[in-house]
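The values are calculated or read from the model by the stated rules, or taken from the named source; none is laboratory data. Everything quoted here is computed from the prediction, not taken from an experiment. Heads up, the Cβs are rebuilt from the backbone with ideal geometry, glycines too, and the neighbour counts pull from every protein chain shown. Please note that ligands, DNA and RNA were not included when accessible areas were found on the heavy atoms of the full protein model with its side chains. Shrake-Rupley method; radii C 1.70, N 1.55, O 1.52, S 1.80 Å.
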Amino acid sequence: MATWRNASLAVTAAAVLALTATACGQDKGSGSPKAQSAGNAAPAAGSGNGYGYGDAGYGAGSGTANQAAAKTAGQLTVWDSKELGKVVTDSAGFTLYRFDKDTASPPKSNCEGDCAKLWPAVPAGSVTAAPGTDSGLIGEVARADGSKQLTIAGWPMYRYAKDTKAGDANGQGVGGTWHAAAPDGKKAAPSADGSGAGSQEQAPAMNMKGLSVRDDAKLGKIIVDARGMTVYRFKKDSAWPMKSACTGACLKKWPAVAPVEKANTEGIALKGFVTFDRPDGVEQQSITCWPVYTFSGDAKPGDTHGQGVGGTWYAVSPEGKMIGAAK
């Protein structure tokens, strides 16, 4: 009887797995990143000590927030903020910060213990400089616990636990010592003429969905990311097994689209909308099981300079197909 029951359970389990699998063969359930986004809200804390935290304890949720915040920054981007100027963000659009009590020469972090719970250090490794910025400014520093932290121009980089979504900059000015970081490692600041982000055409569309659709005059309806940048597919990739053929120097030119919540999309196909772990440790979003990318040669929202490059790169339709690719 026990043998029969065990066999029955095994068959049932196999059936459940078969029903939950997608055409990709690796659906992770919701299509959401495995880690929660950096910034599960931490309890309010004082800022009188200049470290941006008080004596209050951290709630039970802080552990989860810090585990999520431990993810590497991936492909750095630059957000043109009207209020702050040019701000460095990670691949998910979260603001990176620098701390006045740190030093850049030599690089040293002075945010430990409770401070590091509210201001998680951005790990070094698997980080690519934002397009158009100096990759030579990217570095790392050893922390007191032996871990490696990302630096820009020598300044250690942090996230803020109270930033809950892409585009938040709630850490700006906290304690008078925390500042959003500029691409050159300096404190972000608006331009001298007060124009901040410059023309509206060049300002990233931070109010957009993580992935959405826009009408292009030449290509028709195409998928764009939260900054309004065109999303592409690569002919040499495969959907099953899901595999990216873009690695190394290719990935610097064609950054992988970071994981996006299904709820943070609009107008695109959600079948086969899953993420996968690349061999280099970076998590990448897929649409209809195909890995998707942006192009470093696109300087502003609306650019489609990656279309047809090498006969292998094409903008993506709302259905997840390559637009204009020969069959």
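Some observations on this one:
- Candidate set: the stretch 90-132, residues that are touching a helix residue (DSSP H, G or I) at 6+ places or on another chain (Cβ under 6 Å) and open to solvent by 30 Å² or more (accessible area, probe 1.4 Å); chosen: the one farthest from Ala249 (Cα to Cα): Lys117
- Flag for Glu283 being touching a Lys or Arg at 6+ places or on another chain (Cβ under 8 Å), modelled with pLDDT under 90 and open to solvent by 60 Å² or more (accessible area, probe 1.4 Å): no
- Put simply, of Ala188, Ala182, Ala192, Ala205 the only residue that is modelled with pLDDT under 85, open to solvent by less than 50 Å² (accessible area, probe 1.4 Å) and either farther than 18 Å from Pro291 by Cα or in contact with a helix residue (DSSP H, G or I) (Cβ under 9 Å, 6 or more places away or on another chain) (or both) is Ala205.
- For the stretch 305-327, residues that are outside any loop (DSSP other than H, G, I, E, B) and either loosely packed, with under 15 Cβ neighbours inside 10 Å or in contact with a strand residue (DSSP E or B) (Cβ under 6 Å, 6 or more places away or on another chain) (or both) total 7.
- Hits in the stretch 274-304 - residues which are over 16 Å from Leu251 (Cα atoms) and part of a loop (DSSP other than H, G, I, E, B): Val274, Thr288, Cys289, Ala299, Lys300, Pro301, Gly302, Asp303, Thr304
- In the stretch 102-146, the qualifying residues are those that are touching a Pro at 6+ places or on another chain (Cβ under 7 Å) and not in a strand (DSSP E or B), and the one that is nearest to Ser91 (Cα to Cα) is Ala130.
- Subset of the stretch 155-174 (residues that are over 16 Å from Ser91 (Cα atoms), open to solvent by 30 Å² or more (accessible area, probe 1.4 Å) and touching a residue at least 24 places away in the same chain (Cβ under 8 Å)): Trp155, Lys162, Gln172
- Failed item in (1) crowded, with 19+ Cβ neighbours inside 10 Å; (2) over 14 Å from the mean Cα position of the chain (by Cα), with Gly302 passing the rest: (1)
- Selection status of Gln149, open to solvent by less than 50 Å² (accessible area, probe 1.4 Å) and either modelled with pLDDT of 95 or more or in contact with a Ser or Thr (Cβ under 9 Å, 6 or more places away or on another chain) (or both): yes
- Residue check, Val87 assigned to a strand (DSSP E or B), open to solvent by less than 30 Å² (accessible area, probe 1.4 Å) and at pLDDT below 95: yes
- Counted residues, the stretch 218-273 - those being open to solvent by less than 50 Å² (accessible area, probe 1.4 Å) and either in contact (Cβ under 8 Å) with a residue 12 or more places away in the chain or among the polar types (S, T, N, Q) (or both): 33
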